[in-house]
Amino acid sequence: MIEYIDRSTGQKEKEVVAGEASLRWAYETKLGRIAVEMLGKTKAMSCLCGFIQKRRFTRKKIAPFVEAMKIDMTEAILEKPEEYSDFNDFFVRQLKPGSRIVNPDPLRLVSPSDGRILVYPSLEADQLIQVKGKKNSIKSLLGNNELSRYYSGGSAAVIRLAPCDYHRFHFPVNGVPKEAKLIKGYYYSVNPYALNKTDEVYSRNKRMMTEIHIAGKEKIVMIEVGATMVGSIVQTYYPHMPVNKGSEKGYFQFGGSTVILLTRSNVIEWDRDLIQNTQGGYETLIKMGEAIAFLKKLGCD
């Protein structure tokens, strides 16, 4: 059972996991682990799944999925399942203007996506915690020695998107983004069942990394991590052009996925409730545009 805290109510909730039985078999049994290592984590499998989800016959899966996952389709521009050309078209659905409220305070950093968030005010030994007992080195995650030194001793947020979530991601702050860098890797699941059984998932999975200059010489890095069955990570922004927080950066095609934010030490202060929930072992359910931190240090190097 996976539990999280719904930030809007403060209550613990049980997550409805799509394909839970299959996930548990894949990551909690010996035969399943062999299947993951031989096939499940591969690009070929994810590409095949992505290809299938773009076939017209997959439309019939949309309505049952919406009902099972309790998805609020009144938020979507296209509310009716039959309006989508295929399951992937539904998966990357766009929301109506006003469906997500972006906190307007210029000193507030907002969530770049819907999902379940964990925050780490201080990265001990430059290790990003995946789950208890499982960590990712910042050097491996960034794939760059210079960047890893820059963010050494910093802080991080990890936002996990479930298949039922809105899968477009947005800029968490005003700034100027550089080009997104692709780091090749595998396609392990990012569901907690998998994270508990697999070392360094974020550092081993395919991902895209973007540095965002936020003021003066200060910057943060935003990383989109692919996962099992994620056909691709699509960037829709223009590099080196100023962006406003809340503006779209891109989207994940079919599958679960994760967004990671990294900052230097003393640049931001994460909201207290998110810190407390993380320390208590719980993710916090949030929406894109919700304030998650205060910007403390701008224009200093």
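Read-outs throughout are calculated quantities, based only on the coordinates presented, and are distinct from any laboratory measurement. Source: prediction; values computed, not measured. So basically every Cβ, Gly included, is an ideal-geometry build from the backbone, and we count neighbours across all protein chains shown.
Net charge within 15 Å of residue 235 by Cβ-Cβ distance, Lys/Arg positive one each and Asp/Glu negative one each, not counting residue 235 itself? Working shown, then result.
Working: positive: 168, 178, 181, 206, 207, 249; negative: 179, 211, 224, 248.
Here the count lands on +2.
Pick out which of 246, 185, 280 has the largest mean-square fluctuation in a Gaussian network model of the chain, springs linking Cα atoms closer than 10 Å.
Fluctuation is largest for 280.
Treating the beta-carbon of each Lys and Arg as +1 and of each Asp and Glu as -1, no other charges, what is the dipole magnitude of the chain about its Cα centre, to the nearest 20 debye?
Values: 44 positive and 34 negative charges, 151 e Å.
So the magnitude is around 720 debye.
With the Cα gyration tensor of the chain in hand, give its eigenvalues times 5 under a square root as the equivalent ellipsoid semi-axes, listed largest first in whole angstrom.
Working: eigenvalues 160, 102, 73 Å².
After diagonalising the Cα gyration tensor, the semi-axes are 28, 23, 19 Å.
Using Cα positions and a limit of under 30 Å, work out the lysines in reach of residue 12, with same-chain residues fewer than 8 apart set aside.
Straight-distance partners of residue 12: 61, 70, 96, 132, 134, 135, 197, 245, 287.
Hey, what number do you get for the chain at 222 nm if only DSSP H runs of n ≥ 4 count, each worth -39500 (n - 2.57), divided across all residues, to the nearest 500? Walk me through the intermediate numbers first.
On the way: 10 runs with 66 residues, N = 301.
That comes out to -5500 deg cm²/dmol.
Cut-off 10 angstrom, C-alpha nodes, Gaussian network model of the chain. Which of 232, 140, 189 fluctuates the most?
140
Leaving out same-chain residues fewer than 8 places away, which lysines sit with a Cα under 18 Å from that of residue 184?
41, 43, 139, 206
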